[in-house]
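Q: Before I ask anything, here is the structure I am working with.
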Amino acid sequence: MNANETLTVGQGQSCRIIVVSSDGPETLAGPGGEWRIVFCRDFSMHLVLERDASAEILALMFPGADSSMDFNVELDGPGADCRLSGIYLCPGSEKARVNVLMSHKSGHCSSGQKFKGIVSGTARAAFTGKIVVARDAQKTESFQENHSLLLSDRAKVDTMPQLEIYADDVKCSHGATVGKLNAEEQFYMRSRGIPEKDAMVLQMLSFLSSVLEILPEGELRERIAMQIEDTVRKAF
């Protein structure tokens, strides 16, 4: 299923959205409270945030199908804030693509992006993220992170973080890494009686855990964390 959304969040308003790849677990279809949950394999959103508006978005890409997510966000009024996080789990031959354009058009706005993924088998994952700060968007604060674990020599991750800044009074950063599980950490856990498989699972869950900090403590966060743990244990 495909979905294209255009959403404007008015002055002082907020939105909270979780986007789950359409072949994602049915256990996530429960109540979301203040969070709207969307199931969609290919998702595209154009989001406009007006003065003092805020948005929190969590993207979850589970195994089983190719998927793509595109986010075009415009911070169009002072005080606007956007937090965008995501996890992609690709253990087989899946193709996962994330594309983010974060446009700061007004001053005194903030945004943050944090995407993490685990890729194995012959899977392919691609992240393209761009922060654009307009000339008049002074006092902007914006950061972007993309980190991936690569568990197979045949898997591939492409990451392209970008900054395009025209203002001179800003705090902006981006970073990207692609690495493997830490062998020293595994040795430490195994030396204390933890089986190799369990040690690897603990490493992967620790790696992903910070992404879920976008969610408040509670039943929804626990439900998603349990589903991610179950997927990691079975798929990798």
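Values quoted throughout were computed directly from the atomic coordinates according to the rules given, and no laboratory measurement underlies them. This structure is a prediction, so every number in the text was calculated from the model and none was measured. So basically every Cβ, Gly included, is an ideal-geometry build from the backbone, and we count neighbours across all protein chains shown.
Q: Take the alpha carbon atoms of the chain, find their radius of gyration, then divide it by 2.2 N^0.38 Å using N residues; give the quotient.
A: 1.03
Q: Moving on to the next point. How long are the three semi-axes of the equivalent ellipsoid for the range 157-209, computed from the Cα gyration tensor as the root of 5 times each eigenvalue, in whole Å, largest first?
A: Semi-axes, largest first: 37, 11, 9 Å.
Q: In the range 2-180, what is the count of Lys pairs whose alpha carbons are under 20 Å apart, counting only pairs at least 8 residues apart or on separate chains?
A: Taking the Cα cut-off of 20 Å, the pair count is 18.
Q: Calculated from DSSP H runs of 4 or more alone, at -39500 (n - 2.57) each and per residue, what is the 222 nm mean residue ellipticity of the chain, nearest 500?
A: -5500 deg cm²/dmol
Q: I would also like to ask the following. Give the peptides 104-113, 163-172 in descending order of average Cβ contacts within 10 Å, highest first.
A: In decreasing order of mean packing, 104-113, 163-172 become 104-113, 163-172.
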